[in-house]
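One structure is given below, encoded as C-alpha cells.
The values are calculated or read from the model by the stated rules, or taken from the named source; none is laboratory data. Note that the structure is predicted; figures quoted are calculated from it, not measured. No Cβ is skipped: glycine too gets one built from the backbone with ideal geometry, and neighbour counts run over all protein chains shown.
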Amino acid sequence: MAEGRGRLSSIDLLPEEARDDIVWAMAQLNERSRTQEEIRCELNEMLEAKGLPGISKSAFNRKAVRVASAARRLAESRALFEGLAPQFTPERVDQTNLVIGELIKVLITEMLDSDGKDFSPKGAMELSRAYLATIQGQKLSTERRSKAVEAFKEEAGKAVDKVAAKTGLSAETRERLKAELLGIQRKP
Amino acid sequence: MSADQIIREHARLIILRDLAEQPDGRWNSEALREDLEERWAITKTREWVHDELRWLAEMGAATVNEIGSVLIAKLTQKGLDHVERRRVITGVKRPSPAE
C-alpha cells in the first residue's frame, strides 16, 4: 500500500495522542480561511503542550500542497462524473447501475492519478470483479445469470468508452482496460 | 472524550459531507478511505471505514450496499440534515457554521 508514497512525513510519524490535533490542522487547511503559517503555529503550540516535537515549515508546506492537490483532483473527478453520468440520479438506480456509477468514479480518479502515464486500474478492477462474483453467487438459473453478467459487461464497457473519450485515452489502452476489467476480448 | 472518539466523530462528518458532495450522493468505501488519508490525514484501514459506515447506517444517516470487499454508501435525508445543520446526530461532529 505504501508503494510510491515514499517516506512518511513528520506529520505521519507523530504518535497517536497527536491525532486529534492533526485532524484539527487538516480541517483548518481544508477550510482555506487562515494562512498556513497561522495554522502551523497553533498546531505546534498544541503539540508542545503534549510534550511533542513541532512540525517544520517545510514539512507542513509539503502536507498542505498534498491536501490542496487532493482537493483539486476530487473536484475535477466530481465534475467529470457529473458530465459523464447524468443518468445516475439517486432515484433511478438499480444494483447494476450502482456498481457502474462507482466504477466510473474509480476509473476517473485512477486516470487523474496516473497523470496520463500508463495506469493500472486496481480499484476499478476490484469493483468489477467483486460485482461479477456477486452475480455468480446469486441463486439464478444459468441462463439468467449469464444474461446478468452480459448486461453488466455491456453497460460497464460503455462506461469505459465514455470515460476514455472524455479523458483522451488511446483506443489501445481502452481495449486493454476492457479486457482487464471485464474480460471482454478484443475483436479480431 | 478520547482522541479515538474525537477522530471517529470527525471522520463520520467528513464521510457524510463527502457523500453530500457527490453528484449522486454515493461513494465507495475505498475512495472514502483515500480521501480521509489524503485530505484529512486520517490514515485508517478499509475495515475501519467499513465500521464507521455501518455505524452511520445504524443511525440512519446513510445506507450501505456491500459489493464484494467494498461498501457503497449513500446519504439519507437524515444524514443530509446533519450536514446542513438542520438536526444533530449524536456521535457525529457538528459541521462548523456556514460562512
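Kindly evaluate A:Glu48 against the criterion of being part of a helix (DSSP H, G or I), closer than 24 Å to B:Pro95 by Cβ and at pLDDT 90 or above. Judged against the criteria, A:Glu48 is not a match.
When A:Glu42 is tested against (1) touching a Leu at 6+ places or on another chain (Cβ under 8 Å); (2) modelled with pLDDT of 90 or more; (3) of a type in the set (Asp, Glu), only condition (1) is not met.
Out of everything in the range B:60-79 that is surrounded by fewer than 19 Cβ atoms within 10 Å (Cβ to Cβ) and more than 11 Å from every other protein chain (Cβ to nearest Cβ), what residue ends up being nearest to A:Ile135 (Cα to Cα)? Ranking the qualifying residues of the range B:60-79, first place goes to B:Val64.
In the range A:13-34, the residues that are at the interface with another protein chain (Cβ under 7 Å from one of its Cβ atoms) form Cβ pairs under 7 Å with partners that are in a loop (DSSP other than H, G, I, E, B) and crowded, with 16+ Cβ neighbours inside 10 Å, at six or more places apart or across chains, as follows: A:Ile22/A:Ile11; A:Ile22/A:Leu14; A:Ile22/B:Ala41; A:Val23/B:Ala41; A:Val23/B:Ile42; A:Met26/B:Ala41. Scan the range A:129-136 and tell me whether some residue there is farther than 22 Å from B:Gly68 by Cα and of a type outside the set (Val, Ile, Thr). There is no residue in the range A:129-136 that is farther than 22 Å from B:Gly68 by Cα and of a type outside the set (Val, Ile, Thr).
Exactly one residue out of B:Ala11, B:Ala57 is within 26 Å of A:Leu29 (Cα to Cα) and either within 7 Å of chain A (Cβ to nearest Cβ) or hydrophobic (A, V, I, L, M, F, W, C) (or both), and it is B:Ala11.
Find the residue count for the range B:54-70, including only residues that are modelled with pLDDT of 95 or more and touching a Lys or Arg at 6+ places or on another chain (Cβ under 9 Å). Qualifying residue count for the region: 8. Against the definition (assigned to a loop (DSSP other than H, G, I, E, B), touching a helix residue (DSSP H, G or I) at 6+ places or on another chain (Cβ under 9 Å) and surrounded by 16 or more Cβ atoms within 10 Å (Cβ to Cβ)), how does B:Val88 come out, yes or no? Considered against the rule, which asks whether it is assigned to a loop (DSSP other than H, G, I, E, B), touching a helix residue (DSSP H, G or I) at 6+ places or on another chain (Cβ under 9 Å) and surrounded by 16 or more Cβ atoms within 10 Å (Cβ to Cβ), B:Val88 comes out as no. For the condition within 22 Å of A:Leu98 (Cβ to Cβ), small (Gly, Ala, Ser) and in a helix (DSSP H, G or I), B:Ala73 does not qualify.
A quick yes/no check of all residues on (1) touching a Ser or Thr at 6+ places or on another chain (Cβ under 8 Å); (2) under 21 Å from A:Leu112 (Cβ atoms); (3) among the aliphatic types (A, V, I, L, M):
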{"residue": "A:Leu132", "(1), (2), (3)": "no, no, yes"}
{"residue": "A:Thr142", "(1), (2), (3)": "no, no, no"}
{"residue": "A:Ala156", "(1), (2), (3)": "yes, yes, yes"}
{"residue": "A:Glu172", "(1), (2), (3)": "no, yes, no"}
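Residues in the range B:80-99 that are without any contact (Cβ under 8 Å) to a residue 24 or more places away in the chain, away from every other protein chain (no Cβ under 14 Å) and hydrophobic (A, V, I, L, M, F, W, C): B:Val88 alone.
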